[in-house]
Amino acid sequence: MNPDSPSSGSPASSDGPVSPDGLENPIPTGIQLMALDPAFREDPYPILADLRRRDPVHHDVQLGRYVLTRHDDVERVLRNPNHWSDPRKALPGSFSHEFLGRDDQEPSMLLMDDPGHKRLRNLVRHPFKPRAVAKWRERAREVATRVISELEEGEFDLIANVANPIPTVVIAELLGVDAELHEQFKIWSDASSKGAFGPANDPADVVAAEEASECLNGFFRDEIEKRRSCPGQDLMSSMLNTEQTDDRLTDEEIVSQCTLLLLAGNLTTSDLIGNSVSALLRHPGQLEKLRGNPGLMQNTVEEVLRYDTPVTNSGRIAHEDMEIEGVKIGQGETLSVSLAAANHDPAVYPDPDTFDIERKDTHHQAFGGGTHFCLGSHLARLEAAETLSVLMDRFPKLSLGDAGHRYAGNPSFRGFETFSVLGEH
Ligand code: HEM
């Protein structure tokens, strides 16, 4: 990382397995490769670089998975349509089986295989296409303007006041939730996300998450009923609309897609907004460049997605016995792909740890790849760009606040719990 990055510079802590060469520090493994570990949470990149260099197809015995860190390996795994995502096909004891699935529950689209996955994705994908999403730009800007104009000059927490509320309001509007219910909707959505993605070590959070998701399910069912007799222009209505196809989603499927969109779209986009502001404030030269040339906004968002990747990991399940880089992997084992490591692979990106909003090659793995490629990528990019632009206009002098930051400990995500900024005119 650059000298002005949050890097602690230290590779892994010391109680993992010893390296096969017996000479260097132990190879980082298990929890050391997750945001639950304080060193990884603060700065995963030197740890992942160490792993990529010494053990690029790493058998993580602690968590039952193979961790891949090279760009090309990650891309190949994601784009292989034969690999599975359904945790019910995973080997008992493997990461996917133990942490992602429940035998008694139909998984969400993200964890489904064809033909079920293809069917669902086809039925919900239309409102997420670039043209359809472009219509949301103005609305996203209005939401960002409303939220940001309420902020007073001075020090404030960017996450609580900007990065968290904006994506929730945008997705609520997209789904067609009435404005007076947004506050309640946000409370349910936050509690339910915390249960789905948080470290889950507080039993009170688990109970609150279960209650919130019951409320959300009931709420979505009522909303579906309303739209049956009186359809609107929103996403829920479009999921009910069967005109373009002879297939249709059941009510339960619509409820579960709405929940997935909420869970998949909120935390991730909040993290992207927080990571963007952090990268720009820690690299004032880049921020000045962007202020001088707002045409660089799109490139800036792509560079943040690469440089400080909001979803650090995705995964697939090996569909057959195979060998990657000489490592034998059995059918049903978890292939855990590190998107964050792939995005910093020096074999692909010159100076990978440099934040450069004018970088020529802006491709990255931040939205995954292949058949499960993120459905909300265009929406997320647009929301981040509009939020950054409104924030920079409102506070021509924006800098780091005295209260500092705290990273969140959500496994597989990279983002802030709090991030203090000083907003001045
Ligand atoms: C910066 C924001 C976001 C990031 C970094 C992100 C990242 C990802 C990643 C890594 C995957 C898995 C892809 C794979 O394994 O190949 C994914 C899937 C998905 N994302 Fe996003 N996402 C973001 C925002 C959103 C938003 C705003 C929505 C919707 C409102 C969304 C909806 C989905 C859905 C539905 C899937 C499952 C797609 C499938 O299985 O076919 N995401 N996302």
Legend entry - trypsin sites (Lys or Arg not before Pro) lying in DSSP loop within segment 66-104, provided at most 11 other Cβ fall within 10 Å: Arg102
Legend entry - Straight-distance crosslink candidates among lysines, where the alpha carbon sits under 21 Å from Lys118 and sequence neighbours closer than 8 are dropped: Lys89, Lys129
Legend entry - Proximal charge balance of Leu398 [Cβ under 15 Å; K/R count +1, D/E count -1]: -3
Legend entry - Restricting segment 206-262 to GluC sites (Glu not before Pro) in coil, as DSSP defines it, with at most 14 other Cβ within 10 Å: Glu243
Legend entry - Estimated [θ] at 222 nm from DSSP helical runs (n ≥ 4, -39500 (n - 2.57)) normalised by residues in the chain, nearest 500: -13500 deg cm²/dmol
Inset, instruction - For segment 325-331, take each phi angle, set θ = phi - 60°, evaluate the Karplus expression 6.51 cos²θ - 1.76 cosθ + 1.60, and give the result in whole Hz per residue in order, putting x for glycine and proline. - result: 6, x, 9, 7, 10, x, 4
Legend entry - Within segment 65-171, GluC sites (Glu not before Pro) in DSSP loop having at most 15 other beta-carbon neighbours inside 10 Å: Glu150, Glu152, Glu153
Inset, instruction - Mind running the shape call on segment 324-383? Use the C-alpha gyration tensor, a ≥ b ≥ c as the square roots of the eigenvalues: rounded below 1.5 for a/c, prolate if a/b tops b/c, oblate otherwise. - result: oblate
Inset, instruction - Assign one of three labels to the chain, namely rounded, prolate or oblate, based on the Cα gyration tensor with a ≥ b ≥ c the square roots of its eigenvalues; rounded applies when a/c is under 1.5, prolate when it is not and a/b is larger than b/c, and oblate otherwise. - result: oblate
Inset, instruction - Please find, in a Gaussian network model of the chain (springs between Cα atoms separated by less than 10 Å), the residue of Asp271, Asp60, Asp247 whose mean-square fluctuation is greatest. - result: Asp247
Inset, instruction - May I ask you to sort Ile166, Ile31, Ile224 by Cβ crowding, counting other Cβ atoms within 10 Å and putting the fewest first? - result: Ile31, Ile224, Ile166
Legend entry - Relative contact order of the chain, defined on C-alpha pairs under 8 angstrom at six or more residues apart (%): 24 percent
Legend entry - Residue exposure sequence - Cys374, Cys230, Cys258, Cys215 - by fewest surrounding Cβ within 10 Å: Cys230, Cys215, Cys374, Cys258
Inset, instruction - Order by neighbour count: Lys135, Lys360, fewest other Cβ atoms within 10 Å first, most last. - result: Lys360, Lys135
Inset, instruction - Report the label-to-label distance for Asn80 and Arg53 in nanometres (one decimal), using points 7 Å from each Cα along the Cα→Cβ vector. - result: 2.8 nm
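The numbers here are math on the coordinates, done by the rules we state, and not lab data. This is a predicted model, so every value here is computed, not measured. Glycine also receives a Cβ, built like all others from the backbone with ideal geometry; neighbour counts cover every protein chain displayed.
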